[in-house]
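The values are calculated or read from the model by the stated rules, or taken from the named source; none is laboratory data. The model shown is predicted, which means the values in this text are computed figures rather than measured ones. Note that we place each Cβ from the backbone using ideal geometry, even for glycine, and neighbour counts take in every protein chain shown. Surface accessibility is based on the protein's heavy atoms, side chains included, excluding ligands, DNA and RNA. Shrake-Rupley method; radii C 1.70, N 1.55, O 1.52, S 1.80 Å.
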Amino acid sequence: FAAQRFPVWRCAGCGSLHSGQALDDATLAWYYAAYPYHRQRYDLMALLLYDVYERRLRRAGVHPEHAILDYGCGSGHLLRFLRWKKFQDLAGYDAHSRDYADTGPLARRYGCVIAQDVVEHVEDPRTLLQTLVGLLEPGGRLIIGTPNAEGIDLRRPEDFRHPLHQPYHRHLLSQRA
């Protein structure tokens with residue numbers, strides 16, 4: 001969608017970025033049908049990145065015996081990697097993925113919920129956070145990763161195409177937010 005233009009605005013108070021265009025569910029579904037990360041390859045580079053991610057999970061106290069939900073798992077590559085690394089109780093959910101759109105995994109609680117690059121995709125980040133916390137067992141860990149809006153210069157949007165990732169990213173939070 002590089003030829004298309006999508007309005008984005010920055011909050012003067014906190015520095016977060018927000019999509020200036022509300023998209024209805026049908027339009028979002030049309031865009032997500034072409035979502036590039038659902039076609040992401042499971043290659044050597046992905047394995048190296050997931051290896052770093054697994055080490056970060058372990059440092060956060062997540063171990064193979066924990067029940068883990070990857071919320072917004074896309075094509076499920078992280079789940080496959082963790083299974084290969086002997087994590088056993090794994091589930092994935094992604095409303096925009098053919099393979100992981102089943103809401104069944106949302107009916108239980110987990111020792112760890114991962115939401116890597118998810119919060120920026122939703123219309124209401126607070127509601128998402130409440131949902132994610134509700135999926136945790138008492139004492140469970142919530143692992144969230146999201147781009148930081150503060151480093152994005154809107155005067156040069158082409159230089160920040162990946163973190164802006166329009167029309168998919170609805171809200172990019174700043175460190176302050």
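Numbers below:
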item: Within a Gaussian network of the chain (alpha carbon springs, distance under 10 Å), most fluctuating of A95, A33, A12; result: A12
item: Chymotrypsin sites (Phe, Trp or Tyr not before Pro) within segment 36-76: DSSP coil, no more than 14 neighbouring Cβ in 10 Å; result: Y42
item: Amide H contacts under 5 Å for D117, placed H, 5+ residues apart; result: G145, T146
item: For a label point 7 Å along the Cα-to-beta-carbon line of A22, residues of segment 107-136 with backbone N under 18 Å; result: 121-128
item: Solvent exposure ordering (accessible area, 1.4 Å, most first) of D124, D70; result: D124, D70
item: Cα-based radius of gyration of segment 4-99 once divided by 2.2 N^0.38 Å, which approximates compact folds; result: 1.36
item: Estimated Rh, segment 69-166: Kirkwood, alpha-carbon pairs, angstrom; result: 14.7
item: Accessible-area composition of the chain, carbon plus sulfur, in percent [1.4 Å probe]; result: 54
item: Computed log₁₀ I(q)/I(0) - Debye formula, equal Cα scatterers, no solvent, segment 23-74, q 0.13, 0.15, 0.17 Å⁻¹; result: -0.51, -0.64, -0.74
item: Cα-derived Rg to Rh of the chain, Kirkwood definition; result: 0.96
item: Spin-label model distance (nm) - D43 vs Q4, 7 Å beyond Cα toward Cβ; result: 2.6
item: For segment 35-42, Karplus couplings with θ = phi - 60° (6.51, -1.76, 1.60), whole Hz, Gly/Pro x; result: 4, x, 6, 6, 10, 4, 7, 9
item: Cut-off under 5 Å, modelled amide H: who pairs with A67 long-range; result: G111, C112
item: Karplus 3J(HN,Hα) series, Hz, for segment 46-62 with 6.51 cos²θ - 1.76 cosθ + 1.60 (x for Gly, Pro); result: 4, 4, 5, 5, 5, 5, 4, 5, 4, 4, 5, 4, 5, 5, 7, x, 8
item: Hz values of 3J(HN,Hα) by residue in segment 120-129 - Karplus curve (6.51, -1.76, 1.60), Gly and Pro given as x; result: 6, 8, 9, 5, 10, x, 5, 5, 4, 4
item: Overall Cα dimensions of segment 5-45, principal axis frame, Å, largest first; result: 41, 29, 17
